[in-house]
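Asker: Dumping the structure here so I can ask a few things about it.
The values are calculated or read from the model by the stated rules, or taken from the named source; none is laboratory data. None of these values were measured; they are calculated from a predicted model. Cβ: placed from backbone, ideal geometry, glycine included. Neighbour counts: every protein chain shown. Keep in mind that these areas ignore ligands, DNA and RNA; they rest on the heavy atoms of the full protein, side chains included. Shrake-Rupley method; radii C 1.70, N 1.55, O 1.52, S 1.80 Å.
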Amino acid sequence: QVQLVESGGGLVQAGGSLRLSCSASGRTFRSYGMGWFRQPPGKEREFVAAISWSGDNTRYADSVKGRFTISRDNAKNTVYLQMNSLEPEDTAVYYCAGTRGSSRYTTPPQYDYWGQGTQVTVSS
């Protein structure tokens with residue numbers, strides 16, 4: 001069982017940066033692929049980025065490629081999402097998720113554990 005807690009959200013102006021953190025409990029964290037998803041107001045939850053258990057493999061949604069970076073520190077049981085050049089369209093609740101399957105997964109049903117979410121608001 002893995003419990004996930006996100007932090008680092010907030011209000012930022014367009015062009016700014018934020019770093020989200022996801023702290024995980026449980027000794028098995030390092031065996032899970034991890035992902036970030038987001039849910040904009042009135043829309044469905046969508047894939048943002050994923051990282052393999054080792055950190056060697058990452059995957060990004062086209063909309064964030066070149067602006068967002070996912071990373072993890074297994075010694076700290078933490079996964080990060082560095083978000084640069086933020087745009088108003090990035091406004092959403094951001095969720096951390098863990099999967100016992102592949103880090104190539106990009107849909108919510110493929111993830112087994114979820115955090116409670118953290119709000120990111122980008123003003124124009």
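Asker: Which values, in whole Å and largest first, are the semi-axes of the equivalent ellipsoid of the chain obtained as the square root of 5 times each eigenvalue of the Cα gyration tensor?
Answerer: After scaling each eigenvalue by five and taking roots: 22, 14, 13 Å.
Asker: Another question about this same structure. What percentage of the solvent-accessible surface of the chain, computed with a 1.4 Å probe over protein heavy atoms, is contributed by carbon and sulfur atoms? Don't skip to the answer; put the middle values down first.
Answerer: Values: 2800 of 6320 Å².
Looking at the chain in its full context, I get 44 percent from C and S.
Asker: A further question on this structure: Mind jotting down the distance between the C-alpha centroids of region 56-124 and region 1-48, whole Å?
Answerer: 5 Å
Asker: Follow-up question, since we're still on this one. What is the sum of charges, Lys and Arg at +1 and Asp and Glu at -1, for the other residues whose Cβ falls under 10 Å from the Cβ of residue 77?
Answerer: Numbers: positive: 27, 30, 72, 76; negative: 73.
Summing Lys and Arg as +1 and Asp and Glu as -1 gives +3.
Asker: What does the charge dipole of the chain about its Cα centre add up to, to the nearest 20 debye, if the Cβ of each Lys and Arg holds +1 and the Cβ of each Asp and Glu holds -1?
Answerer: In total the dipole reaches around 360 debye.
Asker: Another one. Counting pairs of alpha carbon atoms under 8 Å apart in space and at least six apart in sequence, what relative contact order in percent does the chain give?
Answerer: Relative contact order for the chain comes out at 36 percent.
Asker: Using a 1.4 angstrom probe on the protein heavy atoms only, line up 87, 6, 44 by accessible area, largest first.
Answerer: 44, 87, 6
Asker: Specify which residue in the list 84, 120, 110 is farthest towards the positive end of the charge dipole of region 73-124, using unit charges on the beta carbon of Lys, Arg (+1) and Asp, Glu (-1), about the Cα centre.
Answerer: 110
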